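For reference, the structure discussed in these notes is given below.
Laboratory data are not the source of any read-out in this text; all were calculated from the coordinates shown. No experiment lies behind these values; they were computed from the predicted model shown. Cβ: placed from backbone, ideal geometry, glycine included. Neighbour counts: every protein chain shown.
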Amino acid sequence: MVDYYTCTGCSCLCDDIEVELDGENVKIVKTACRRGSNIFLEYKENRAEPIIDGKKVEFEEAIKKGQELMENSENFAIYGMDTIPVEAQKIAIEIAESKEAYIDNSSTYCLGDLVEMVLKNELPTATFEDVKDYAYVIFYWGVDPHNSLPRHMSRYTYYPRGKKRQRGYEEDRYLVVADVRKSHTAMLVAKNARFIQVDDDLKLVDAFIKVIDKQMPEKYADDAVRVIREMQKADFNVIMGGLGLRYGLKGNYEKFKEMMNKMNEVAKVYFIPAGCHANMRGFNETLFEKTGFINKYSFKDKESSLDYAFFELLKNDKVDTALVIGSDPVNSLPFEVSKKLAKINTIVVDPRNSFTAKIAKVVIPSAISGVEQGGTMIRSDGVRVKVNGLFEREINDVYVLERLKEVIA
Amino acid sequence: MMRFTKFLKIEVEVVVARNALIPDNKSSKEYLENAAVAFLQEEFAKANGFKENDVIRITSRGKSVNLKVKISDAAPKKGILIPNGIYASYLTNFDGFKRFNADIELVDEEITRPEDILEELKG
């Protein structure tokens, strides 16, 4: 009997990972992609230590300092939660509510807007299992899964044979890749496939609408005609939208929704956000259930606004203390914003000595999801996945957040 | 021999994208090898006098980083591709989160290390 584990390297949450151990050393990882394998093989490397003001301290001291900073904070924000289990996300939300704090994650500048449209039923969606079994046109728009979601195509979408797709990808799938450059995924475009080199995503959206309305679009006419014709051959097609699409739409989501509605007048087309962080959608759904909003939320004002986006709060000096957990904003936020994190009381909870941990006032070590802690995570298609930890550590995200919560509740 | 490219500064479009080879462990040698890089198409590199493993300075909004040139078919035809992460975050903001313009030039210097950016960040 083989035990399977879940990789938390990206939002694919592949739950077919085999791991061979020698005591607590990981010897062999099977099935995972290169990034996923490294998470297991190198889980002991670059670990965070309890730190206060750059000096190593005992774990309890770091917890007490974190509690003190949180207790004394008048304008508190919690950020991240992209890689921690839903169970820990719920505690973070409880803390934010008790402190009347701001709460946000990376989806605000990542795929949040696309996830929100799906959660509000403004875009028809499907699961990877449906895609595998039924999808004919598989359309990657502004995403390079080859690099960002390495097993997306091989495990869930293009390559596997499914119930109604028994003849393999060469005959039973039609691949479309729209990107500003010929990405590694675009290089797979050969037989039964089309690459659309797009320099204006809105014009491609417009082309689909116009072609369906039997009008001549300004650009991409041939591409739009061919893709729509292929979609009409099947009763299940899917668009996987990534960051390139999100930024390419420049906020014109109504136009995109109009395009999806038009497509669904002539074919059956679903949409799935194609994002990166393991449980980014988990946070969106958890906050949505609680507040009706998916991110950038103020419990004081009981609303979501761009003003409450973590990067805006930092930019405008609106927070004195930030709890960063399950994220490395110094790696991903613009330098001018990260600089503010180094000036305020930043508490980092992370298993790794991340870039943000290196500039934080307090660092509290935690556990790596899927390796040292289990829990629930939500895949980018909305399916809940039960993650089993390879080991279970007493000190994990739930434990640390419960301890920090002691002074708030 | 002095390379003519040393005096050239050209404006290019920079595309930011994920690189599967970047590991989770940001203190590893493998991280630096795969994160501190700029991908150029062979033809574009040749036309502008850049070679594999050259170090180029990328300047945008008054900020610069030095990254190592890697030749790749996945780069834009007339521009460069850099991975998501601390270098891209240093150079750009949300207005050009996935695409922005920058000047590139050949330099006889070391690559920028994340620690250099962290030091500046701490002020």
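Separation between the B:Glu115 and B:Lys77 pseudo-spin-labels, each 7 Å from Cα along Cα→Cβ, expressed in nm?
4.3
Roughly how far apart, in whole Å, are the Cα centres of region B:48-89 and region A:177-228?
28
What residue among A:Asn75, A:Val131, A:Val189 has its Cα farthest toward the positive end of the dipole of chain A, where the charges are +1 on Lys, Arg and -1 on Asp, Glu, each on the Cβ?
Comparing the listed Cα positions along the dipole, A:Val189 ranks first.
For chain B, what does -39500 (n - 2.57) per DSSP helix run (n ≥ 4), summed and divided by total residues, give at 222 nm, in deg cm²/dmol to the nearest 500?
So the calculated ellipticity at 222 nm is -5500 deg cm²/dmol.
When you have a sec, figure out the Kirkwood radius of region B:2-100 from all distinct Cα pair distances and drop it here in Å to one decimal?
13.8
Less than 9 Å Cβ to Cβ from A:Lys296, Lys/Arg counted +1 and Asp/Glu -1: what total charge do the surrounding residues give?
Taking every Cβ under 9 Å from that of A:Lys296, the sum is -3.
What FRET efficiency would be calculated for the residue pair A:Met216, A:Ala190, taking the C-beta separation as r and a Förster radius of 30 Å, to the nearest 0.05?
0.55
Looking at region A:222-323, I'd like the Rg to Rh ratio, where Rg is from alpha-carbon atoms and Rh is Kirkwood's inverse mean 1/r.
1.09
What number results when the radius of gyration of region A:68-140, computed over Cα atoms, is divided by 2.2 N^0.38 Å?
Compared with the compact-globule rule of thumb, region A:68-140 sits at 1.55.
Using modelled amide H (1.01 Å from N, peptide plane; none on Pro or chain starts), what sits under 5 Å from the amide H of A:Arg194, excluding residues fewer than 5 places away?
It is A:Leu175, A:Val176, A:Val177, by chain and number.
Determine by what factor the alpha-carbon radius of gyration of region B:49-123 differs from 2.2 N^0.38 Å, reporting the quotient.
Rounded to two decimals, the normalised Rg is 1.09.
At 222 nm, what helix-only mean residue ellipticity would chain A give, in deg cm²/dmol to the nearest 500, using -39500 (n - 2.57) for each DSSP H run of four or more?
-9500 deg cm²/dmol
Nearest 5 is fine: what % of DSSP beta bridges in region A:112-273 come out antiparallel, could you say?
5
Could you work out how much longer the chain between A:Lys290 and A:Glu94 gets when fully extended? Use 0.36 nm per residue separation minus the Cα distance between them, nm to one decimal.
Full extension of this stretch gives 69.6 nm more.
Given charges of +1 on the Cβ of Lys and Arg and -1 on the Cβ of Asp and Glu, with all other atoms neutral, how large is the dipole of region B:4-122 about its Cα centre, in debye to the nearest 20?
Its charge dipole is roughly 280 debye.
Of the DSSP beta bridges with both residues in region A:189-305, give the percent that are antiparallel, rounding to the nearest 5.
Taking every DSSP beta bridge with both residues in region A:189-305, the antiparallel ones total about 25 percent.
Given a Förster distance of 56 angstrom, what is the FRET efficiency for B:Leu21 paired with A:Lys302, based on the Cβ-Cβ distance and rounded to 0.05?
0.80
Do any chymotrypsin sites (Phe, Trp or Tyr not before Pro) in region A:1-106 lie in a loop, going by DSSP, with at most 13 other beta-carbon atoms within 10 Å of their beta carbon, and if so which?
Answer by residue number: A:Tyr4.
Using only the Cα atoms, what convex hull volume per residue in Å³ does region A:112-273 have?
Given the Cα convex hull of region A:112-273, per-residue volume reads 98 Å³.
On alpha-carbon atoms, Rg over Rh for the protein assembly as shown using Kirkwood Rh?
Rg divided by Rh gives 0.96.
Report, for region A:331-401, the % of DSSP beta bridges that are antiparallel, rounded to 5.
Beta bridges within region A:331-401, antiparallel portion: roughly 45 percent.
How far apart, in nm, are two points set 7 Å out from the Cα along the Cα-to-Cβ line at A:Arg34 and at A:Lys250?
The answer from the label model is 3.6 nm.
What number, in percent, do you get for the relative contact order of region A:314-386 if the mean sequence gap of Cα pairs under 8 Å and at least 6 apart is divided by its residue count?
Relative contact order of region A:314-386: 25 percent.
If I fit a long axis through the Cα atoms of helix A:59-72 and take the longest principal axis of the Cα atoms of chain A, what angle between them do I get, 0 to 90°, rounded to 10?
80
Calculate the spin-label point distance for A:Lys56 paired with A:Tyr159, positioning each point 7 Å from the Cα along the beta-carbon direction, and give it in nanometres.
4.3
Could you tell me the largest-minus-smallest coordinate of the C-alpha atoms of region A:180-221 on each of the three principal axes, in descending order and whole angstroms?
That works out to 32, 21, 10 Å along the principal axes.
For region A:326-409, what is the Kirkwood hydrodynamic radius in Å, using each pair of distinct C-alpha atoms?
Over region A:326-409, the inverse of the mean reciprocal pair distance is 14.3 Å.
Of the candidates A:Thr185, A:Thr291, A:Thr157, which one comes out as most mobile in a Gaussian network treatment of chain A with C-alpha springs shorter than 10 Å?
Of the options given, A:Thr291 has the highest mean-square fluctuation.
Can you tell me which of A:212-220, A:131-139 comes out highest on packing, and rank the rest after it, using the mean Cβ neighbours within 10 Å?
Descending packing order for the listed peptides: A:131-139, A:212-220.
By how many degrees, 0 to 90 and rounded to 10, does the Cα axis of helix A:86-98 deviate from the longest principal axis of chain A?
Approximately 60 degrees, to the nearest ten.
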